[in-house]
Amino acid sequence: VHDALVGRIVDAVAPLKVGPGVDPASDIGPVVNDQRMDACVEAVEIATASGARAVIGGKRAVGDLPDGYYMSPSVLVDVTPEMTIAQEEIFGPVLSVLRVQGFDEAMEVANGVRYGMAAAVFTRDPSRAFEALNRLEGGMLPLHRAGGGGVFHNAHGGAKGSGDGLAR
């Protein structure tokens, strides 16, 4: 499903508007500061130098933007599990898509990082959904819902090296 999924992701990302977070017309706000901006750009540059490919974005956003640290929404493919971008938390609008050959490899790749803030599970197979939720090492594990799963009024955190590392 890799190629079809990437196509759908790119179709969803392409129309997103980058701009100030207070502008209702903006879909993607700025990253938090210049250090994070540089880290996002550098992460993509290192990934592409290592063999990944940006199918959309991958650079600072350009255009009629006010002062700020704007990164274009980015989708990378040909990412492998050992690449830095697959191992580090980017904290910017950068999505790495890794190709796996099946469920067991997907679980191995997902758990093969030192972080575990969140993972989302999407499947048509209820037994696989519960197996994934049991096997994934993440603090927040939403099913059939995008995002980290946390809501501001509930306690939440990560597992392993993310958040407080205590949630499971």
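The values are calculated or read from the model by the stated rules, or taken from the named source; none is laboratory data. Small disclaimer: the values here were computed from a predicted structure and weren't measured. No Cβ is skipped: glycine too gets one built from the backbone with ideal geometry, and neighbour counts run over all protein chains shown. Accessible surface areas use protein heavy atoms only, side chains included; no ligands, DNA or RNA. Shrake-Rupley method; radii C 1.70, N 1.55, O 1.52, S 1.80 Å.
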### Task
Mind giving me the nanometre distance, one decimal, between the label points for GLU42 and GLN101, set 7 Å out from Cα along Cα→Cβ?
3.6 nm
## Note on the structure
Put GLU88, GLU45 in order of accessible area, largest first, probe 1.4 Å, and you get GLU45, GLU88
### Message
Can you work out the Karplus-derived ³J(HN,Hα) for every residue in the range 79-92? Use 6.51 cos²θ - 1.76 cosθ + 1.60 with θ = phi - 60°, whole Hz, and x for glycine or proline.
### Response
8, 10, x, 7, 5, 3, 5, 8, 10, 10, 7, 8, 6, x
#### Entry: Degrees between helix 34-49 axis and first principal axis of the chain (Cα, 0 to 90, nearest 10)
70 degrees
#### Entry: Mean Cα-pair separation over length for the chain, i.e. relative contact order, pairs under 8 Å, 6 or more apart, %
15 percent
### Task
Work out from phi, with θ = phi - 60° and the Karplus expression 6.51 cos²θ - 1.76 cosθ + 1.60, the ³J(HN,Hα) of each residue of the range 6-22, listed in order in whole Hz, and give x for Gly and Pro.
4, x, 5, 5, 4, 4, 6, 7, 3, x, 4, 9, 8, x, x, x, 7
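Rounded to the nearest 0.05, what FRET efficiency is calculated for ASN134 and LEU16 with R0 set to 35 Å and r the Cβ-Cβ distance?
It comes out at approximately 0.55.
Give me the percent of accessible area attributable to carbon and sulfur for the chain, probe 1.4 angstrom.
With neighbouring chains kept in place, the figure for the chain is 54 percent.
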### Task
Note down the nm distance, to one decimal, between modelled labels 7 Å out along Cα→Cβ at LEU143 and at ASP34.
4.8 nm
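Please give the contour-minus-distance gain from PHE91 to VAL109: 0.36 nm per residue of separation, less the Cα-Cα distance, rounded to one decimal in nm.
Working: separation 18, 0.36 × 18 = 6.48 nm, distance 1.96 nm.
Full extension from PHE91 to VAL109 adds 4.5 nm.
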